[in-house]
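See structure below.
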Amino acid sequence: MNSEFVGILKRANNINRWGLMSQFKVEVLSAHIYETTIISHVLGVIAKEKFGEDISPDKVASMAAFHEASESYCGDIPSTAKYKNPRIAQAMKVMEREFEESLLQTLPPEFQELYRPYIAQDKSDPHALLAKAADVIAAKCQFELSKGNDEFSSASEEIAEQLSNYQTRLPAVEYFCEHFLEGMFKTVDEQAKSQWVSVANDFNIRKASV
């Protein structure tokens, strides 16, 4: 059997998110997945080490890595369309499940059940729930607003409302927002916390005088 599983998922690099929005910087799905996976692992570590929860950080990260698997078939569908009304939302969920099952069928039979929990995720699984919270945290509304793009002002309010819900339900999310969220949006110099200019000048002046 020659599996298309990896090839299909690699198409996340071709899929643009926020398709109906004017963007300062176009975000591709693979970049969003990468950021969500990192945040997920941190949330898993917080849940396990800080709050003593029965959580595997690696499993949370794996959930995040596959959380948009169906979009490798259908692309990014705006939430305003997906959740326009309950009937459309239900139809979209059915479609996503069909695509997830199609993806699983591309795997050799002996691997399909191993990957099923990651592709067709059970949202009641605490690992999947943390991954979904990370998905919300990784939304790039704040970045676009920082660039003066008011197109994301309403979306930012909606994301904040979703995040507030996760903060109430999940202690790890509340902890992340208190200790990590601000640092996500600092400049590179602020994040580095280093007097690199002075070091560079001292190094170059010393080198020039030798």
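Those residues that are surrounded by 13 or more Cβ atoms within 10 Å (Cβ to Cβ) and either touching a Phe, Trp or Tyr at 6+ places or on another chain (Cβ under 6 Å) or part of a helix (DSSP H, G or I) (or both), I need them from segment 112-126; list them, please.
Let us first name the residues in segment 112-126 that are surrounded by 13 or more Cβ atoms within 10 Å (Cβ to Cβ), namely 112, 115-121, 125-126.
The answer is GLN112, TYR115, ARG116, PRO117, TYR118, ILE119, PRO126.
Only one of these is surrounded by 16 or more Cβ atoms within 10 Å (Cβ to Cβ) and part of a loop (DSSP other than H, G, I, E, B): ALA139, ALA133. Name it.
Working: ALA133 fails: part of a loop (DSSP other than H, G, I, E, B).
Answer to the check: ALA139.
So is ALA128 under 23 Å from ILE15 (Cβ atoms) and modelled with pLDDT of 95 or more or not? Steps first, answer last, please.
Numbers: under 23 Å from ILE15 (Cβ atoms): yes; modelled with pLDDT of 95 or more: yes.
Yes: the conditions hold for ALA128.
Say whether the condition of being part of a loop (DSSP other than H, G, I, E, B), among the polar types (S, T, N, Q), free of Cβ contacts under 8 Å to residues at least 40 places away in the same chain and out of contact with any Asp or Glu (no Cβ under 8 Å at 6 or more places or on another chain) is met by at least one residue in segment 99-106.
So in segment 99-106, the residues part of a loop (DSSP other than H, G, I, E, B) come out as 106.
Narrowing further to those that are among the polar types (S, T, N, Q): 106.
Now drop any that are not free of Cβ contacts under 8 Å to residues at least 40 places away in the same chain, which leaves none.
Checking segment 99-106: not a single residue is part of a loop (DSSP other than H, G, I, E, B), among the polar types (S, T, N, Q), free of Cβ contacts under 8 Å to residues at least 40 places away in the same chain and out of contact with any Asp or Glu (no Cβ under 8 Å at 6 or more places or on another chain).
Just the residues that are over 16 Å from PHE176 (Cα atoms) and of a type in the set (Gly, Ala, Ser), please, taken from segment 40-63.
Residues of segment 40-63 that are over 16 Å from PHE176 (Cα atoms), as a first pass: 54, 56, 58-59, 62-63.
If the condition is that a residue be over 16 Å from PHE176 (Cα atoms) and of a type in the set (Gly, Ala, Ser), then SER56, SER62 are the ones that fit.
Filter segment 26-61 for residues that are part of a loop (DSSP other than H, G, I, E, B) and touching a strand residue (DSSP E or B) at 6+ places or on another chain (Cβ under 8 Å); which is surrounded by the most Cβ atoms within 10 Å (Cβ to Cβ)? Let's see the steps before the verdict.
At the first step, the residues of segment 26-61 found to be part of a loop (DSSP other than H, G, I, E, B) are 26-27, 51-56.
Next cut, touching a strand residue (DSSP E or B) at 6+ places or on another chain (Cβ under 8 Å) only: 26-27.
Working: VAL26: 11, GLU27: 21.
So, considering only residues that are part of a loop (DSSP other than H, G, I, E, B) and touching a strand residue (DSSP E or B) at 6+ places or on another chain (Cβ under 8 Å), the one surrounded by the most Cβ atoms within 10 Å (Cβ to Cβ) is GLU27.
Would you pick out the residues in segment 47-93 that are closer than 14 Å to ASP135 by Cβ and either among the aromatic types (Phe, Trp, Tyr) or in contact with a Gly (Cβ under 8 Å, 6 or more places away or on another chain) (or both)?
VAL60, ALA61, PHE66, ASP76
Tell me which residues, restricted to segment 62-78, are touching a residue at least 40 places away in the same chain (Cβ under 8 Å) and part of a helix (DSSP H, G or I). Reasoning before the result, please.
Applying the first criterion (touching a residue at least 40 places away in the same chain (Cβ under 8 Å)) to segment 62-78 yields 62-69, 71-73, 75-76, 78.
The answer is SER62, MET63, ALA64, ALA65, GLU71, SER72, TYR73.
The values are calculated or read from the model by the stated rules, or taken from the named source; none is laboratory data. Just so it is clear, the model here is predicted, and its values are computed rather than measured. Backbone-built Cβ (ideal geometry, glycine too); neighbour counts: all protein chains shown.
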